[in-house]
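A.B. asks: Mind having a look at this structure? Questions to follow.
The values are calculated or read from the model by the stated rules, or taken from the named source; none is laboratory data. Bear in mind the structure is a predicted one, so any value in this text is a computation, not a measurement. FYI the Cβ positions are ideal-geometry reconstructions off the backbone, even for glycines, and counts take in every protein chain you see.
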There are 2 protein chains.
Amino acid sequence: MNFQKRKQIILDKLNTVGEVDVKLIAAELDISEITIRRDLNQMAGDGLLYRTHGGAMKVNPFEVPHEFVNKAAKNVEAKDKICRAAAEQINHGDIIFMDCGSTVFRLCQFIKGKKIKVITNSIPVVYELQNSLVSLNIIGGEFNAERQAVHGSIANEHIARYKANKAFLGVDGISRNGLFANSELEAEITQAFASHSAKTYLLCDDSKIGKESYLRFGELNLINSIITNSKSDELAFFRKKGVEVIDV
Amino acid sequence: MNFQKRKQIILDKLNTVGEVDVKLIAAELDISEITIRRDLNQMAGDGLLYRTHGGAMKVNPFEVPHEFVNKAAKNVEAKDKICRAAAEQINHGDIIFMDCGSTVFRLCQFIKGKKIKVITNSIPVVYELQNSLVSLNIIGGEFNAERQAVHGSIANEHIARYKANKAFLGVDGISRNGLFANSELEAEITQAFASHSAKTYLLCDDSKIGKESYLRFGELNLINSIITNSKSDELAFFRKKGVEVIDV
DNA sequence: TTTAATTTGTTCAAAAATAATCAAAATAAA
DNA sequence: TTTATTTTGATTATTTTTGAACAAATTAAA
């Protein structure tokens, strides 16, 4: 009984029953609980399931499209902590930008009850907030199916027409050398968000801190505040540079 | 019975009944009241519900997520016939506008395989077409949850930047006296679509022909072609006025 | 108003689940 | 074969979750 086989059995059970229990699985497969826990943790890290105390659940009971969900399901606990802290920064009447990152997406669940305006280019965000107290403004332009969001010059111009209190953004990486993005389109829209917002918050889990990928598109001072679960030494440097660091 | 599961059950109950009671939930799930209280407090902290003495209530009492679905499900056979005929009008390479009506929505299923550009203010249309060959352009602006679409001056300006071959529109009513809409916002965006499209198709089932509701916003000549299942005498008048009538 | 009943938060303890550490077993590589 | 690597399990310490008891706060009743 190897990992692959157990993984298969666990996923099957999740699909049929919707949830699994560490003890039951361990007894059923005649294997130790700690091993099952390790399996579940690894699979949760891959976004294949949602880890609970004593077991695991299906990632999404209600279906939201596809690869976005999987990405969004990675590192869930850290992201939720970050987003809970981010939600505390949002007050009644605020006008906020939300970008299309998977971390920022998880902010939705914490702001449904707030009377605010959200301006976003992310369709999942729209979907998640459409029946909430939040008033929505959708950024127009060409839709990118992979990112489930709108990007491009029309989108950037749309943003430029508004002025928000706060922007909640994600990046692909951040280091002492600046901010990094996966593509030019993402870089440009992030800059547009930042420059039309009074305050800019960066939501990033530990995997992004110190990471330098693809395209360097901006200096650290583009953002005012980083909300993160990371304990990296890099954070001290950010602070020295005048960036607020909110630790969760 | 872990936190995640209880949370789900509580949310389900809130959605169906509208409120929950600590004692009842505790008895039902066979768990202590203090635990339920802790659950409710945490969920209230996340903005998922309003905490009351002895229980909790839904955050937003008004919910309209299924209205669109219900509306879309009416008169399905007629609408599908109309849309199948509409799809025949669409060729490879076309750039088309699609508005947010329930009839136009049903056009999606017939154009998924076409290599065209769709410019739309309807979020359901975006959802339906997001994993198809269709390239999407989303019209930006303020989102209206009831109509599941974007309307307003920003949206109208967005439309004005583009020029489409064909527009597929719905109205609330059409008679020899002109076109009728439910609201100013819908009227304005319909006019914007029509004036930035080379050819304008009106998709309407028999219930709309001869109907004169709320706001008269345009002349018959705003549209070039009506696709309908109606056998009304009115159609002869439309033809006489130079409007093509495609009968299904 | 005052009084009673209910609901709630706090503190503490028990139980359950988990992570960490290290050793044993299984597997792969040399 | 031997050696290294990975996987697994047992033990222990830590963390999380839960419930009971009781005081404080809130609501309802007199």
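A.B. asks: Taking the condition in the same structural domain as A:K112 (by TED's automatic domain parsing) and modelled with pLDDT under 90, does A:K81 pass? Don't jump to the end; show me each part of the working.
C.D. replies: Working: in the same structural domain as A:K112 (by TED's automatic domain parsing): yes; modelled with pLDDT under 90: yes.
Spelling it out, A:K81 is indeed in the same structural domain as A:K112 (by TED's automatic domain parsing) and modelled with pLDDT under 90.
A.B. asks: Got a number for residues in segment A:2-22 being surrounded by 12 or more Cβ atoms within 10 Å (Cβ to Cβ), assigned to a helix (DSSP H, G or I) and touching a residue at least 24 places away in the same chain (Cβ under 8 Å)?
C.D. replies: Residues flagged as surrounded by 12 or more Cβ atoms within 10 Å (Cβ to Cβ), assigned to a helix (DSSP H, G or I) and touching a residue at least 24 places away in the same chain (Cβ under 8 Å) within segment A:2-22 amount to 7.
A.B. asks: Condition (residue is in a helix (DSSP H, G or I) and either more than 11 Å from every other protein chain (Cβ to nearest Cβ) or within 25 Å of A:K211 (Cα to Cα) (or both)) applied to segment A:128-138: is it met by at least one residue?
C.D. replies: Yes: one or more hits.
A.B. asks: For A:Y162, work out the one condition from (1) more than 19 Å from the chain's Cα centre (by Cα); (2) more than 14 Å from every other protein chain (Cβ to nearest Cβ); (3) not aliphatic (A, V, I, L, M) it doesn't fulfil.
C.D. replies: Only one criterion is unmet by A:Y162, namely (2).
A.B. asks: Tally the residues that are within 14 Å of DNA strand D (Cβ to nearest atom), touching a Gly at 6+ places or on another chain (Cβ under 9 Å) and in a helix (DSSP H, G or I), restricting the search to segment B:37-53.
C.D. replies: 1
A.B. asks: If we keep just the residues of segment B:8-32 that are of a type outside the set (A, V, I, L, M) and closer than 14 Å to B:R51 by Cβ, which is nearest to the other protein chains (Cβ to nearest Cβ)?
C.D. replies: The residue in question is B:E19.
A.B. asks: Going residue by residue through segment A:54-61, is there one that turns out to be modelled with pLDDT of 90 or more, away from DNA strand C (no atom under 15 Å from the Cβ), under 30 Å from A:G113 (Cβ atoms) and surrounded by fewer than 18 Cβ atoms within 10 Å (Cβ to Cβ)?
C.D. replies: No: zero hits.
A.B. asks: All but one of (1) more than 14 Å from the chain's Cα centre (by Cα); (2) under 16 Å from B:E184 (Cα atoms) hold for B:Q130, so report the exception by its number.
C.D. replies: Tallying (1) more than 14 Å from the chain's Cα centre (by Cα); (2) under 16 Å from B:E184 (Cα atoms), B:Q130 fails exactly one: (2).
A.B. asks: With the requirement that a residue be hydrophobic (A, V, I, L, M, F, W, C) and more than 19 Å from A:F168 (Cα to Cα), what does segment A:227-248 give you?
C.D. replies: Scanning segment A:227-248 gives A:A236, A:F237.
A.B. asks: Given the conditions (1) within 14 Å of the chain's Cα centre (by Cα); (2) within 9 Å of chain A (Cβ to nearest Cβ), report the number of the one that B:G141 does not fulfil.
C.D. replies: Going through (1) within 14 Å of the chain's Cα centre (by Cα); (2) within 9 Å of chain A (Cβ to nearest Cβ) one by one, B:G141 breaks only (1).
A.B. asks: Further question: List the number of the failed condition for B:D30; all other conditions in (1) at pLDDT below 85; (2) farther than 25 Å from A:V76 by Cβ; (3) within 12 Å of DNA strand D (Cβ to nearest atom) hold.
C.D. replies: The failed condition is (1).
Each row is one residue, and each column tells you yes or no for (1) surrounded by 15 or more Cβ atoms within 10 Å (Cβ to Cβ); (2) closer than 28 Å to B:G140 by Cβ.
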{"position": "B:A167", "(1), (2)": "yes, yes"}
{"position": "B:R176", "(1), (2)": "no, no"}
{"position": "B:I189", "(1), (2)": "yes, yes"}
{"position": "B:A192", "(1), (2)": "yes, yes"}
{"position": "B:S197", "(1), (2)": "yes, yes"}
{"position": "B:L202", "(1), (2)": "yes, yes"}
{"position": "B:D205", "(1), (2)": "yes, no"}
{"position": "B:G218", "(1), (2)": "yes, yes"}
{"position": "B:K231", "(1), (2)": "no, no"}
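A.B. asks: Output the residues belonging to segment A:234-248 that are within 10 Å of A:R176 (Cβ to Cβ) and among the acidic types (D, E).
C.D. replies: Selection gives A:E234 alone.
A.B. asks: How do the strands (runs of 3 or more DSSP E) wholly within segment A:175-236 filter down when requiring 2 or more residues that are among the β-branched types (V, I, T) and touching a strand residue (DSSP E or B) at 6+ places or on another chain (Cβ under 7 Å): which remain?
C.D. replies: Per the criteria, A:225-228.
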